Amino acid sequence: MKPVLLDTGVIVALLDRSERYHSACARCLSTLSAPLVTCEAVIAESCYLLRRLPGAAEAILQNVDSGAFQIPFRISGSAAKLQRVFRKYRDRQVDLADACLVLLAGELGAADILTLDRDFEVYRWGANKRFRLLLQL
């Protein structure tokens, strides 16, 4: 079973019930049985964005610790590849988390992504393959 990539906005929406897409993210997640994979940059971004929500950072780290959020990608050793992604998508002002997810998709051969970020309609992984956005907003 191919894993599903997990982006920052979905983590934030899942933990913050006041977020506009909380229900849509929770519904979509409840239908998945595939492993959720992400990167350190997504975890850091999520913790930062939820820093004012008591217990949110701990909940994120608990999901990492339990294996609910798997982190097979490490930035160390991928700097040159990340630089290429930054150059390719300079016009979109790609951030580190998105660049890592683009590389992770290629490493895992995984096109499915849980994201609120419409830039993933433009980003390509592998040999110009499209992402499949699982959330229809």
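The values are calculated or read from the model by the stated rules, or taken from the named source; none is laboratory data. Because the structure is predicted, anything quoted here is derived from the model rather than measured. No Cβ is skipped: glycine too gets one built from the backbone with ideal geometry, and neighbour counts run over all protein chains shown.
Brief remarks follow.
- Taking the listed residues Leu15, Leu116, the one that is touching a Gly at 6+ places or on another chain (Cβ under 7 Å) and either of a type outside the set (Val, Ile, Thr) or over 24 Å from Leu137 (Cα atoms) (or both) is Leu116, with no other qualifying.
- Hey, Val64 at pLDDT 95 or above, more than 22 Å from Leu133 (Cα to Cα) and touching a strand residue (DSSP E or B) at 6+ places or on another chain (Cβ under 8 Å) or not: yes
- Restricting attention to the range 39-53, the residues that are touching a strand residue (DSSP E or B) at 6+ places or on another chain (Cβ under 9 Å), more than 17 Å from Asp117 (Cα to Cα) and not charged (D, E, K, R) add up to 0.
- Residues of the range 109-137 classified as part of a strand (DSSP E or B), of a type in the set (D, E, K, R) and in contact with a Leu (Cβ under 8 Å, 6 or more places away or on another chain), total: 1
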